[in-house]
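Colleague: To start, I am sharing the structure in question, which I have written as structure tokens.
Derivation of every value follows stated rules applied to the coordinates shown; laboratory data play no part. In this text the structure is predicted, and so the values were computed from the model without any measurement. Please note: Cβ atoms are built from the backbone with ideal geometry, for glycine as well, and neighbour counts cover all protein chains shown.
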């Protein structure tokens, strides 16, 4: 299976999509949405792809110079050289409320460290990506198999002192929300609220 076939097979049933970021997002069946320039690549319950927005010329190839693992796909804007780097996960991480916190924290730490290594945009929310199925973008498949989180972590330094709460980026946002609400709930319960 090619990485584009994998991308297609893991799309949400009704993803967000758009051809113009300024006109907002729509929702439709994957068959319709996959014709758009931008598409939602992960559904609301699982993380199949880690996506990074790299806003500089040469973004689709400089991962190698930075010592980062090869992305499965890069999707490049030919006009300015900016790209999205997509890493497929062989074991999806459950992001739904009933998912386990430990895998979510681990995925957030890996994503945060990889974002730093790639010098990707920390403000990127990760909801939609440049659609690698659309002819507007230049797409390259760099790696033909999905990664386990541990394989990605092998390229990263996760042992450095981390802040008490993971940086508010990507999956770390979910972890931060959980941690903050947990602290508030324990305190509120003790006070009888």
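Colleague: Taking the simple approach of a point 7 Å from Cα along Cα-to-Cβ for both residue 29 and residue 127, what is their distance in nm?
Modeller: Taking the two extended label points, one gets 2.4 nm.
Colleague: By count of other Cβ within 10 Å, fewest leading, how are 37, 135, 14, 130 ordered?
Modeller: With the fewest neighbours first, 37, 135, 14, 130 line up as 135, 14, 37, 130.
Colleague: Using label points projected 7 Å from each Cα along Cα→Cβ, tell me how many nm separate residue 70 and residue 157, to one decimal.
Modeller: Result for the modelled spin labels: 2.6 nm.
Colleague: Any chance you could run the full-extension gain for residue 191 through residue 1? It's 0.36 nm times the residue separation minus the Cα-Cα distance, nm to one decimal.
Modeller: 62.8 nm
Colleague: Stretch residue 78-residue 96 to full length: gain in nm at 0.36 nm per residue minus the Cα-Cα span?
Modeller: 2.9 nm
Colleague: Now, a different point. Figure the gain on full extension for residue 143 and residue 20 (residue separation times 0.36 nm, minus the Cα-Cα span) and round it to one decimal in nm.
Modeller: Taking 0.36 nm per residue and subtracting the Cα distance, the gain is 41.4 nm.
Colleague: Shifting gears a bit: Over the chain, what is the mean sequence separation of C-alpha contacts under 8 Å (at least six apart), divided by residue count, expressed as relative contact order in percent?
Modeller: Rounded, it is 23 percent for the chain.
Colleague: In deg cm²/dmol, rounded to 500, what helix-only [θ] at 222 nm does the chain give when every DSSP H run of at least 4 residues adds -39500 (n - 2.57) and the total is split over its residues?
Modeller: Value at 222 nm, helices only: -8500 deg cm²/dmol.
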